[in-house]
1. With everything on Cα atoms, drop me the angle between helix B:333-342 and the longest principal axis of chain B, reported from 0 to 90° to the nearest 10.
2. Quick one: compute a quarter of the convex hull surface over the Cα atoms of chain A and quote it in nm².
3. I'm a student and want to see the number: the projected area of the Cα convex hull of the protein assembly as shown, averaged over all directions, in nm².
4. Go ahead and collect, in residue order, the members of segment A:199-217 whose backbone nitrogen is under 13 Å from a label point 7 Å along the Cα-Cβ direction of residue A:434.
5. Grab the alpha carbons of segment B:1-123, take their convex hull, and tell me the volume per residue in Å³.
6. In degrees, nearest 10, range 0 to 90: what is the angle between the Cα axis of helix B:300-317 and the longest Cα principal axis of chain B?
7. Based on the Cβ-Cβ distance from residue A:249 to residue B:327, what FRET efficiency comes out when R0 is 25 Å, to the nearest 0.05?
8. Assuming R0 = 35 Å, what is the FRET efficiency of residue B:335 and residue B:57, from their Cβ-Cβ distance, to the nearest 0.05?
């Protein structure tokens, strides 16, 4: 009954994408659907998303954001109204041409994002400066047709939230764009994931935005995952959809708009940041099961004693933790250990005759494979500390890994076959970014907020040798 | 400052559908979108749905149901596999023919319901009787193209939950179908809405089902609203999608399936059951704001005193109730009274100098227009009772109204120009139902559970004169 009796998970070092696919399947997070590019999210995977959603909802509500629901359909002409926006999203659109048994005169896109679905209506709602700020959020499904789908990270349909806000001034709007990024970073902290946050380059920003802020995450193979983005749209959409207001000055002004979103890619990030060769490792905050109790017995006499002890334990914990006792009779303890390790349950309590007789509990930590025996009386206090320790350990491991895998380079020749992220002084010239992508498959990920006001370490661009503007982070990405 | 200074809501007696439309708009629940047939649900309306959803989620989770998410797209060939199902839904389908810049070889329907989207995958998950029962639920948007849209009740896109379950035996499946109907009835009780629950006729049952149970609601114009349905699908879909299991007997058996759903039509039902000529009346359980505090002052000296008193009041209530203090300075108290009455806030606290000086509170109840003055100290106890009283009053009014508007008839000539529901002994012959619909616009709504085992009061069918089987309820419907 070795830990990996089912050798169904590829080693990370052997083939990381295969490892990811294996974990998503074996942990029963999700699987491919009949519709190419779309996935079926199973209860265990969806629960993780629901827990992420609950925490972000709490933060958004506390910040005064209200929820709204707009139609999934966007008139194509709306999408085409903002030039950069339509260029960015056209290749990914799914289009409804027939409905109710008839061909539609006006074809409808399925929302790839809802700027073009919402802002004509916003224009009706906003008359004067007294109607501002308008801060609304939508939890919804969106569709962006993917040529190379990947579970959670790139499915043609995904669930997300998209905030859409309007302010009287650029200053207020830019302040909120930054604040939403802070909220996303705090959300990723909640997932025990460190983020690298700052500005996107001109080529990588949102189609239609003036500026995009991003929280980037490093996966365990050294690629980048875009964790969440917050866009200052300026008056680009306002001018197209007529979002204007009568100011206190009696004049008409364009509204300054933001949009910001986080999707169930965050579930994929949790897997890719915390997972190991044995499967998932979940931070307690979003573990569908935080504590699993596994009874161990050899015969009928110990069985009754052990199960009763487990039942009492379960009852004593269930108000405070998401706890489950694995009562399956047909499975061995070893099978169950492996089963719940693959699923990343942070804490396992192993209960045998010895524990029942002595009034003790054997605790196994998924994050570091350690075991300890403690008296039942000490369990409540120990568990509370343990949850915090596990969270901190996962966070610190991820942070150490990320920092170790960011390499400073002065010239793009140094990239070679190396993986991980690269810090380099860059001219910010889009043409150099195109070259970098072509030659190494790397793109700029983020100009960290702190680097925005600093001079670059090298005054020459690592690609072109022309004057560098800032020190940026570059990586391959999902 | 009369109550209805803004005479923007049509009287119910004048034109009920216009009244409904006015209330939905004036209470800022929702409005028409740019896409014909689809609506925009505004924060106040969406919050009502979110509160309904939270309560139903709680009940489903307590019953052991888990959530899942399947793609919004259904291969057309899946939909076409079950004959009755495709006949029922074909006229309402929206179809994606182009995606990612190309014409799709296999066209995709947007789910009108997810039987055909889910059950091929169910077939993979279910191997043996040990995998049963499988009880999953999905919160999702679905699309059924509507020729005659109506806010919440008939939009082309709507939000709902759909449960899809598989059992080893017909007996277990039929037991759950009934249990889910009980859960829906208890959910409507939560909304202070009485339901009339039982079986649908052959013509009115779900396309593809063996039997449909329904919870019907009476709107204030005497029409029926289908509140929720629970379907026993038999093995109809199982045989098409190969949902079978290896039994303990070593033989292969078809799974017995159910599906059951409740949508945001329930928000429409709340409006149509409880609303009056002044707007919404919300039961406290789902009121986005349960208590609104309106300060009343004439000059600056009373202003400070009153606002401070309001602030303390707000603070003392906010942990227990969804409470809001209307601090708008530009609006009169009379405007605010009307504003919150239109929005159906159950309890208003009016706070003027007198109240602040005497340490009292003037309470206004939206459900019966009554006012009372009580000492601040008594407020917590009074409010708790009040919420229960308001709920009970709304429920009892709706029940009395519904019962008063069900008329027993022996012959369909008695229908004439009468509104409301009719109870009649019926042969259950689909041809008579067709005739009834054509002549009076009425359809069978439900055979109440209690009537299933009773002999009909009249042994002759009220339409054909042939032998009657049971006493059914008939009505016009939304």
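Here, each number is a calculation from the coordinates, and none is a lab measurement. Please read these numbers as outputs of a predicted model, since none were measured by experiment. Heads up, the Cβs are rebuilt from the backbone with ideal geometry, glycines too, and the neighbour counts pull from every protein chain shown.
1. Helix B:333-342 and the main axis of chain B meet at about 10 degrees.
2. So the Cα hull casts an average projection of 26.9 nm².
3. Details: hull surface 178.7 nm².
So the Cα hull casts an average projection of 44.7 nm².
4. Under 13 Å, as judged by backbone N against the label point of residue A:434, lie A:203 of segment A:199-217.
5. 211 Å³
6. It is inclined by approximately 40 degrees.
7. With R0 = 25 Å, the Cβ-Cβ based efficiency is 0.50.
8. 0.40
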